[in-house]
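Take a look at the structure set out below.
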Amino acid sequence: MRKLIGLALVIALTCVVVGGRWWYGTTTWTGQPQVLIVEQGASMGQVADTLARQGMVTAPTIFAFAGRLTGADRGIRAGHYQIEDAMSPRALMRLLVSGEAHSYKITLVEGRTFKELLLTIQGHPHIRSELDGVDDPWIAKTFAEVNGPEGWLFPDTYYFLANTTDQAIIMRAYQAMLSTLDQIWENRAENLPISTPYQALILASLIEKETSLGSERADIAGVFIRRLQKSMRLQTDPTIIYGLGERYQGDITRAHLRDKNNIYNTYQHGGLPPTPIASPGRASLEAAVRPKQGTALYFVADGEGGHVFSDTLAAHERAVRSYLNKQKQ
């Protein structure tokens, strides 16, 4: 009997030692970090089987048993979890109970229209789409007091958990734009020909579409501001393109320039267009309210990624001819 008791103790002690080494030791998996998806209501056994299929544990039955033994099976939380290389079973278990789910990210790029940004958001594999396109009633209701959604999504990188809705991302970007615009408007220059933050947002969207060079934003803002002060039409091509929508085929024609029915045609209509034409970034917003001082009233592409700024129409026309010659060459 004593021999049997001794043998049992040895076996028990061996199990404790081996089990402890397994529990606190590292897994044999040495692959790249990957994401484990734990569905709502999944049992510890199902989670263990998933870990085994992905090669992250070698003993799923023992892992599930350990989960039940420690009570972790009652605290496991649904979510997407980042599993790092060589995590111990204990570390894996603690991660699944912690609820510290893996976050994903999405980047909303400057100069995109609301329609383009919505497609970006709804195209993310881990964002749940609840909106039926740009005409969804929720969008109309949400942006009713700010003249529609155009321009109101702040370009930035947003982090979120899996199954976050498109509505949630839109609201975060909207709130970010409201906050940023208010902050920038408070630091505006004096004697601007714009009187509201919304007008600054519209102007910033034109600046965003006219140049991708940070060094030029304040210059272009200065041209637009001076033209507004002199009651000159802005005559900016991106507004025509925006007004044409899907009718735009890559070229602006004389008919487009003369079209008074296009309410975004700043060659025919004075002042700012009725809404932004894209979502501007912080740099363009800042340029809109703190333009560069100067005398230039015109600008045209230089054919090398930048622009030539001119004080007079004659000088501007020479710059246009130079640009067209470069295009021909």
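Between residue 82 and residue 157, what is 0.36 nm times their sequence separation minus the Cα-Cα distance? Round to one decimal in nm.
Values: separation 75, 0.36 × 75 = 27.00 nm, distance 1.95 nm.
That works out to 25.0 nm of additional length.
Tell me which label goes with the value of semi-axes √(5λ) of the Cα gyration tensor in Å computed from the coordinates here: (i) 40, 20, 19; (ii) 62, 20, 18; (iii) 46, 24, 15.
Label of the calculated value: (ii).
Once you've got the GNM for the chain with C-alpha springs shorter than 10 Å, pick whichever of 173, 314, 296 has the biggest mean-square fluctuation.
314
Compute the angle between helix 166-186 and the longest alpha-carbon principal axis of the chain, please, reported from 0 to 90 degrees and rounded to the nearest 10.
Between helix and principal axis, roughly 50 degrees.
With N set to the residue count of segment 176-319, report its C-alpha Rg divided by 2.2 N^0.38 Å to two decimal places.
Against the empirical 2.2 N^0.38 Å value, I get 1.01 for segment 176-319.
Mind checking the full-extension length gain between residue 233 and residue 40? Use 0.36 nm per residue of separation minus the Cα-Cα distance, one decimal, nm. Provide the component values of the computation, followed by the final result.
Details: separation 193, 0.36 × 193 = 69.48 nm, distance 5.81 nm.
Working it through step by step, the gained length comes to 63.7 nm.
Mind checking the per residue accessible area of segment 199-329 for me, 1.4 Å probe, whole number of Å²? Don't jump to the answer; show the numbers that get you there.
Details: 6750 Å² over 131 residues.
Accessible area per residue, segment 199-329: 51 Å².
Taking a point 7 angstrom from the Cα of residue 312 along the C-beta vector, which residues in segment 278-295 have backbone N less than 20 Å away?
From segment 278-295, the list is 294-295.
Output the 0 to 90 degree angle, nearest 10, between the alpha-carbon long axis of helix 44-53 and the longest principal axis computed from the alpha carbons of the chain.
70
Against the longest alpha carbon principal axis of the chain, how many degrees, from 0 to 90 and to the nearest 10, is the axis of helix 2-24 turned?
10
HN-Hα J couplings of segment 255-268 from phi, Karplus 6.51/-1.76/1.60, θ = phi - 60°, integer Hz, Gly and Pro as x?
So the J values, rounded to whole Hz, are 5, 5, 5, 8, 6, 7, 6, 7, 5, 9, 7, 7, 7, 10.
Using a 1.4 Å probe over the heavy atoms of the protein chains, calculate the carbon and sulfur portion of the accessible area of the chain as a whole percent. Present the calculation step by step, with values, prior to reporting the outcome.
On the way: 9370 of 18290 Å².
Its accessible area is 51 percent carbon and sulfur atoms.
Looking at the chain, which longest stretch skips every one of the GluC sites (Glu not before Pro) that is in a DSSP loop with at most 15 other Cβ atoms within 10 Å, leaving the sites themselves out? Numbers along the way, then the final one.
Numbers: sites that count: 39, 84, 100, 130, 190, 304.
In the chain, the maximal stretch lacking such sites is 191-303.
Which order do 253, 164 take when ranked by solvent-accessible area (1.4 Å probe, heavy atoms of all protein chains), largest first? Intermediate values should be presented prior to the final figure.
Numbers: 253 60, 164 30 Å².
From most exposed to least exposed: 253, 164.
Can you compute the modelled spin-label distance between residue 59 and residue 246, with each label point 7 Å from Cα toward Cβ, in nm?
6.1
In whole Hz and in residue order, list the ³J(HN,Hα) couplings for segment 232-242 that follow from phi through the Karplus curve 6.51 cos²θ - 1.76 cosθ + 1.60, θ = phi - 60°; x for Gly and Pro.
In residue order, the calculated couplings are 8, 5, 5, 6, 10, 4, x, 5, 4, 4, 4 Hz.
Would you work out the relative contact order for segment 170-250, in percent, from Cα pairs under 8 angstrom that are 6 or more residues apart? Walk me through the numbers on the way to the answer.
Numbers: 28 pairs, mean separation 18.0, N = 81.
Here the relative contact order equals 22 percent.
Could you work out the longest stretch of the chain that avoids the trypsin sites (Lys or Arg not before Pro) located in DSSP loops with at most 16 other Cβ atoms within 10 Å? Display every interim value, and only then the final one.
Working: sites that count: 77, 188, 230, 233, 260, 292.
Here the longest run is 78-187.
The values are calculated or read from the model by the stated rules, or taken from the named source; none is laboratory data. From a predicted model like this one, the values you see are computed outputs, not experimental measurements. Here the Cβ is made from the backbone with ideal geometry for all residues, glycine too, and neighbour counts use every protein chain on show. When the accessible area is computed, the model is the full protein with side chains, heavy atoms only, and any ligands, DNA or RNA have been set aside. Shrake-Rupley method; radii C 1.70, N 1.55, O 1.52, S 1.80 Å.
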